[in-house]
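This report concerns only the one structure given below.
The numbers here are math on the coordinates, done by the rules we state, and not lab data. Predicted model only: the values in this text are computed from it and were never measured. Please note: Cβ atoms are built from the backbone with ideal geometry, for glycine as well, and neighbour counts cover all protein chains shown.
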Amino acid sequence: MAEMSKQYNPGEIEPRWAKEWVEKRLFEADAASRQPMFSLVIPPPNVTGSLHMGHMLEHTQIDILIRWKRMLGFNTLWLPGTDHAGIATQMVVERQLAEQGLDRRAMGREAFEKKVWEWKAQSGDTIKQQMIRLGASCDWSRERFTLDPGLSRAVRKVFVSLFEKGLIYRGKYIVNWCPRCQTAISDLEVVHEETQGHLYHIRYPVIGTDEYLVVATTRPETMLGDTAVAINPSDDRYAKFHGKAVRLPLMNRDIPIILDELADPAFGTGVVKVTPAHDANDFAAGQRHNLPQIDVMDETAKMNQNAGAYAGLDRFAARKRILVDLEAQGLLAKVEPYTLALGRCQRCHTVVEPRLSTQWFVKVAPLAEAALRAVEDGHTRFTPENYTKIYLDWMRNIHDWCISRQLWWGHRIPAWYCGSCGEATVSLEDLARCHKCQSASLTQDPDVLDTWFSSALWPFSTLGWPEKTQDLQAFYPTSLMITGFDILFFWVARMMMMGLEFMHDVPFREVYIHQLVRDAEKQKMSKTKGNVIDPLEVTEQYGTDAVRFTLAIMSPPGTDIVLSRDRMDGYRAFANKIWNAARFVFLSLEKAGAPAWIPPDDGSFVPVPGPEGELALEDRWICSRLSRLAAEMAKAWEDYRYDRAADLIYHFFWHEFCDWYLELKKLSFDAAPQNSAKMPPAFENLCRAFDVALRLLHPMMPFITEELWQRLAARDSSIALAPFPQHDRARLDEIAEKEMALLQEIIGNIRNMRAEKRVDARLKVAVELYAANGSAAHIGSQHRQAIERLANLSSLQLAAKPFNEQGGAVRSLPDFSLKIAVAEAVDLDEERARWRKEQQKLEQELTVLGRQLDNEQFLAKAPQHVVTNLRARREEVTTQLAKVRETLRKLG
RNA sequence: GGGCGAUUAACUCAGUCGGUAGAGUGCCAUCCUCACACGGUGGAAGUCACAGGUUCGAGUCCUGUAUCGCCCACCA
């Protein structure tokens, strides 16, 4: 047997198994042979190559489920990919370009795209290495899912198909425009931020009068593009201005006063300026009233020639100048502080400018309708459930989706414009000639698609769509999608829509939304804040198993995870505890000269009886507990309660297996035959119990369990492929559990008495036990040695009669009484204080019980079993209280 | 503006049928007993944010208040 150090060293064990798993290709072996199937759609790791705790959490939860399912005999497949991580890709690309001093415009599109694919491939590999290090058992070598040339074709097909159905259209609308990225972005990519700004009140002179209309705006620079002012038709204050016009200050243009619901009489002055080219609402109003659209800015948000004297100024510089000029002309009526939700670009944080431009849109209402119904009808289920509501609300209020981007990366829009006749054609194949006039002067639309457009196809494009592949047939719809709520709308909702449209079924049966990882100050971890905990650093420090376990146990659904190093420290200790429990097992076997353990074929745990058919209490008990645990953990994982599963196995391993089972086993070992050819049952059962316990723990702590499982017996397989323990009703042993509880109670009470009497922990004392009933008598006689050993006694005598004296060295409980031989004099004051406290507690409880049981309404309305339980409890408390009072009386 | 969530021990959090509150860490005492001091044993510690209500009974259900956090939103 290889040497085991006293301290578990994950740094030594983990890399070995990570490597082993990859070489063994667990998934390939597994997928080839097993049924049924379990498939997942997996969010991609960050292509930048830097991982954060969010990824670690996500992949830990995924990996736990996959390991568990695999042990249950499921054929598993996940669809991980790097292609669709467009946002991350852009970051990589930008960084790489800058580092290499390249200019994307100069290098040309083709060369640029080639470079991008190169970088993606590289970073994908970095990720692979890192994820394996973090314990993910996924096989990253499925080339077809990582670099997928087929995706471009699928994207084009989807685009054309939607276009032909009228679900994609091209039009001139107000879109969110990022002046720095110089592209349109979708509503979802705009983050709103409460900002302290100003509301400027500006006087517009009404023509033919000496009166003014005062309009309020937060963006004065847009006034240069005003083509009307609006008042509400029902607003009597301004009835006299109906049909009149105003002179637009600074531009000296006459613009009409229109009547429109756009103006809310309750807000500000009730008059609103109308700028159709720079505001979505105004745009709509402009359409209603046939107003001209005057764009006063260029794509970098500098004022253009339409801005008259202000042309060439940046929008914010222009704002300043305009305010100064208005002030000078006495047209600035008022400036008041105003809090507004300023829209910024998700990527670069630049203030977004609503801008009039021609873009491609997806008409989402019909798609959303199907996606809505699928969830309402329960074809896809959300966990936690409250996300169902969030999803449905969003789907109901969905706007059309702007899908064209003026970027250099991504799938190009398959549309061609004819230089001769102006015809626009959408086509599956590259076009050489215009369909209409046969001209060859065609140019493809320079825009690319929103990265989420191709992502939306992931569940089926990765499986070979539009070909009717076997994969598609077998794995669509997938079983599960695990992701964070931050991309619920970006990705999940859009996969739903596209899946239903093109596959006529939902892309996944279940969606599990995981938690968000926060730092100790509850701040969202982000690189800009610099509060990130680096997964590689903490796994180095605490071990992958400990970090995984921490993430699992801190993950009740619907909450955030506040990650602390203290917790990780605690679970590193847990790993160490398991390591040492194993050391004990192995050392014991070695010492007894027991032969190597040959595990049973099925890996089940049925205790092996002794020569006379007898079974030790601890074996019956641990067997019953393990069976119960298998059921409880399976249920927990079924419900995505990683926290509960982790809590169960933690408590079991430490406080049942180590604290009691191993301690009791030490006795059987002393009695077991040495150097026998066949393994004695005492050892056999221990090995089996340990084997089963390791399997239960394996999904959460894969490395240490693999290592110990391999050491436990010679194997040619992996614990990752071993069957998960099944719950078996027949293995439950209520009697053993009750007997064990009584044994624990007796030992616990003796230990407690020792501590209270301040008996030196090293001193063995004599104790007498009076059994008030058969069960206690049985335990007292059958497990005398166990009690002596675990309570550190010189002897345990069974008393024939109840003890006369009370208090001091005697303690009475319902099932038994104990008398401890104390050498030193008992501190009576301390003793009295303890009993008084006990008396007080019991009296308090009795009052509460009495209040309920003397209440007729309670007796009439409460369920029978509650009443019965409380009655029994009252009797018990009454008896105990009487004993305590008697004790106190004797103590004086 | 609309919606969602949180508030329980010193700290971080469980508590999903309403039936006198749990864990881990930390703390106190004690023990380096031949698996483990990253350990053993014992112990102390809570007006379940606040105010009402429903109920025989509320941490749990309802209403309101306060504080914190998040999501969504085209009122200038």
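Values computed for the structure shown
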| read-out | value |
| --- | --- |
| Relative contact order (%) - chain A, alpha-carbon pairs under 8 angstrom, separation at least six | 12 |
| Antiparallel bridges, percent of DSSP beta bridges restricted to the stretch A:678-823 (to nearest 5) | 55 |
| Additional length obtainable on full extension of the chain from A:Arg762 to A:Asp187, 0.36 nm per residue less Cα span | 199.8 nm |
| Dimensionless Rg ratio for the stretch A:316-442, taking C-alpha atoms and the 2.2 N^0.38 Å reference | 1.70 |
| Nonlocal amide H pairs with A:Tyr212, under 5 Å, H built at 1.01 Å | A:Val206 |
| Set of lysines with alpha-carbon distance to A:Lys468 below 24 Å, sequence-local pairs under 8 removed | A:Lys157, A:Lys165 |
| Projected-area average for chain A over all orientations - Cα convex hull basis, square nanometres | 52.4 |
| Too-long pairs where the Cα-Cα distance tops 20 Å, listed order kept, from A:Lys819/A:Lys890; A:Lys757/A:Lys801; A:Lys172/A:Lys363; A:Lys666/A:Lys819; A:Lys6/A:Lys577; A:Lys841/A:Lys883 | A:Lys757/A:Lys801; A:Lys666/A:Lys819 |
| Whichever lysines have a C-alpha closer than 16 Å to that of A:Lys302, once near sequence neighbours (fewer than 8 apart) are set aside | A:Lys320 |
| Point-charge dipole on Cβ atoms (K/R +1, D/E -1) for chain A, about Cα centre, debye to 20 | 560 |
| DSSP beta bridge pairing in the stretch A:176-261, given as percent antiparallel to the nearest 5 | 80 |
| Sorted largest first, extent of the stretch A:397-527 alpha carbons per principal axis (Å) | 64, 41, 28 |
| Cut-off under 5 Å, modelled amide H: who pairs with A:Val562 long-range | A:Arg518 |
| Residues of type lysines that A:Lys635 reaches as a straight line, Cα spacing below 20 Å, ignoring anything fewer than 8 places off in the same chain | A:Lys69 |
| Beta bridge orientation in chain A: antiparallel %, DSSP, nearest 5 | 70 |
| Residues with amide H under 5 Å from that of A:Arg253, placed H, sequence gap 5 or more | A:Leu248 |
| Kirkwood hydrodynamic radius of the stretch A:752-877, Cα pairs, Å | 17.0 |
| Helical segments meeting 18 Å axial Cα length and Kyte-Doolittle 0.5 threshold in chain A (DSSP H) | A:150-164, A:681-697 |
| Burial ranking of peptide ranges A:58-69, A:477-488 (average Cβ count within 10 Å, highest at the top) | A:58-69, A:477-488 |
| Rg over Rh, two decimals, the stretch A:242-326 (C-alpha only, Kirkwood Rh) | 0.98 |
| Separation between Cα centres of the stretch A:597-668 and the stretch A:233-301, rounded to whole Å | 76 |
